[in-house]
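The structure appears below as structure tokens.
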Amino acid sequence: MIQIENLHKKFGALEVLRGIDLAVNKGEVLSIIGASGSGKSTLLYCINGLEPISEGRVLVDGVDVHARGTDLNRLRQRLGMVFQQWNSFPHLTVLENVALAPRIVRGLPRAKAEEVARRQLEHVGLGDKLAQYPAALSGGQQQRLAIARALAMEPEYMLFDEATSALDPELVGEVLDTMRMLAAEGMTMICVTHEMGFAREVSDRVAFFHQGRIEEIGRPEEMFGKPRSPKLKRFLAKVL
Amino acid sequence: MSNTVTYFTGFRGADLLFLAEAAWGTLKLSALSIAVGTALGVGLGWMLAELRATRPILVPLLDVFRSVPLIIQLVLFFNFVPMIGLGLSPFAAGCVVLSAYAAALVAQVARAGIESVGRPLRRAARSLGMSYGQAMRHVVLPMGLRTVFPAWVGIVLGVMKDSSLVSVLGYVELLRASQILITRTQEALFVLGVAGAFYFLLSWPVSWWAARHEKRWQQ
């Protein structure tokens, strides 16, 4: 379970997150929607400790992410993350991209790490690209590679930071399909997304961020069907 | 003819061997200096890129090594060492100065390489649970190396040629050996031509090896 309590995050004088309280249960899929700059992505970075926080607490399975003694490298193994820019390692083959962290972080022998990598790559439909370099892949394939890379650490949670925003429109579908598949398998997911169709169809809950606060949160049918807050109504009118 | 003294004799087969030995000296001097200079330079480059606080001290210091002509550094260092009571052979003194010079050049190249790997990629590596050191070793440095590899090869070839300046300390490397032979044979063009060929033979494998690597990385 991920618990976020009174989370504040400032970049200098700019307060990006202004008091977030949120709990995400095991097996739940939460989508976060909202305008650019509303703090959605920053929240993900605060959850896995890539950004320090200004105030509040983030607990992952009871472990305080930002406490002094927390072993972040260990904690991050439980939190897979997929970025807007897919960030494949260009100097490694597809297989090596995925096998690297299991080998050096989890300490698996090379053969075992590659077996894990192969399985995850087949899972996301890249089983025939193992020996290729990322430069030979399309954006959608690279993003699926990034998903396989995160999954190879066998995380408990997956954080998706606008995973489809940098893709050409015709490539969005394959990545969303992969995310749908994970959700169907019971993966706990927090998805920052601009794909309203995905948020509506796949999520258990949807949170609408506005200027660093959760303006409204609820089941997708309520959020999209009968939004209460005027700000959410205005937002939906713009994006739908 | 009995009362004439022969000062000059022609170029003989044995002279070629003499030059080859000297080329081996050049190779030893260059290889050692490049190895030490690269190791040191990568460390310094890492400090420049990652520990910004070291810049005000390091940058001017490295600039001294980069901008004072190597021949002056060699002469100064070689004559300074005995003053503090140490004895260094011309070879050792040459190695020290060339290594420092190479390190100063490599430091800036390594810094550029490390900085060429942006924050998103580092974060992706860290998000997988890699420690700072693991991300550095397995992601940042290999990627940065590919970016600055041609620049580093340029330094290697440069240091190889600049090693000829160590001849001013009396170390018999290729250039010094050529000068000795020229004095004896008075065949400057020929001897320099042969010496030049030796330099080329030393550099060419490096260029060839570098080109092959770059090609492989391009895919």
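The figures follow:
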item: Restricting the range B:5-57 to residues that are within 23 Å of B:A188 (Cβ to Cβ) and hydroxyl-bearing (S, T, Y), the residue that is least open to solvent (accessible area, probe 1.4 Å); result: B:T26
item: Answer from A:V58, A:V94 - the residue that is more than 8 Å from every other protein chain (Cβ to nearest Cβ), within 22 Å of A:K9 (Cβ to Cβ) and among the aliphatic types (A, V, I, L, M); result: A:V58
item: Elements of type helices (runs of 4 or more DSSP H) contained in the range A:1-106, each with 2 or more residues being among the charged types (D, E, K, R); result: A:72-76, A:94-104
item: Residue in the range B:199-216 that is in contact with a Lys or Arg (Cβ under 8 Å, 6 or more places away or on another chain), open to solvent by 20 Å² or more (accessible area, probe 1.4 Å) and under 27 Å from B:L74 (Cα atoms) present; result: yes
item: Counted residues, the range A:37-68 - those being over 16 Å from A:M81 (Cβ atoms), touching a His at 6+ places or on another chain (Cβ under 8 Å) and either of a type in the set (G, A, S) or open to solvent by less than 30 Å² (accessible area, probe 1.4 Å) (or both); result: 3
item: Residues located in the range B:75-129, provided they are within 30 Å of A:G107 (Cβ to Cβ), away from chain A (no Cβ under 14 Å) and open to solvent by 30 Å² or more (accessible area, probe 1.4 Å); result: none
item: Subset of the range A:125-153 that is in a loop (DSSP other than H, G, I, E, B) and in contact (Cβ under 8 Å) with a residue 40 or more places away in the chain - its residue that is surrounded by the most Cβ atoms within 10 Å (Cβ to Cβ); result: A:A152
item: Top-ranked residue in the range A:107-124 [being of a type in the set (G, A, S) and surrounded by 14 or more Cβ atoms within 10 Å (Cβ to Cβ); ranked as farthest from B:Q218 (Cα to Cα)]; result: A:A113
item: Residue check, B:I155 open to solvent by 10 Å² or more (accessible area, probe 1.4 Å) and either farther than 19 Å from A:V82 by Cα or touching a residue at least 60 places away in the same chain (Cβ under 8 Å) (or both); result: yes
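The values are calculated or read from the model by the stated rules, or taken from the named source; none is laboratory data. Keep in mind the model is a prediction, meaning the values are calculated, not measured. Methodologically, a virtual Cβ is constructed for each residue, glycine included, from the backbone with ideal geometry; neighbour enumeration extends over all protein chains shown. Ligands, DNA and RNA are excluded from the accessible area calculation, which covers all protein heavy atoms including side chains. Shrake-Rupley method; radii C 1.70, N 1.55, O 1.52, S 1.80 Å.
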